[in-house]
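Structure first, commentary second.
The values are calculated or read from the model by the stated rules, or taken from the named source; none is laboratory data. These numbers were taken from a predicted model, which means no experiment stands behind them. Glycine also receives a Cβ, built like all others from the backbone with ideal geometry; neighbour counts cover every protein chain displayed.
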Amino acid sequence: MPTYSGKERWEPFALKFDRIIKDNKWSDRKTKQRFFDCLVSEALEYADKLPRTLGFAKLKKKMKERFTNKDVPVVAALQ
């Protein structure tokens with residue numbers, strides 16, 4: 001299982017985890033359990049503070065909002 005700390009890019013982890021979900025046909029409950037098993041450090045601390053009643057889709061959305069880098073630097077071409 002992949003791990004995610006919050007320091008790496010979110011997208012590669014999310015894509016890999018989504019593939020695992022589909023391959024294993026997990027229930028929402030099992031998916032959340034396995035998702036938490038993959039989290040470490042800052043990512044685990046953040047997810048653990050979210051309401052336990054969140055379904056996996058909402059949990060994943062919150063994680064994406066928190067850990068996706070919205071300030072992508074713009075690289076200017078040198079002329």
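Computed values, structure above
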item	result
Of the criteria (1) modelled with pLDDT of 95 or more; (2) part of a loop (DSSP other than H, G, I, E, B), which one I20 fails	(2)
Checking L15 against (1) out of contact with any Pro (no Cβ under 7 Å at 6 or more places or on another chain); (2) surrounded by 13 or more Cβ atoms within 10 Å (Cβ to Cβ), the condition it does not meet	(2)
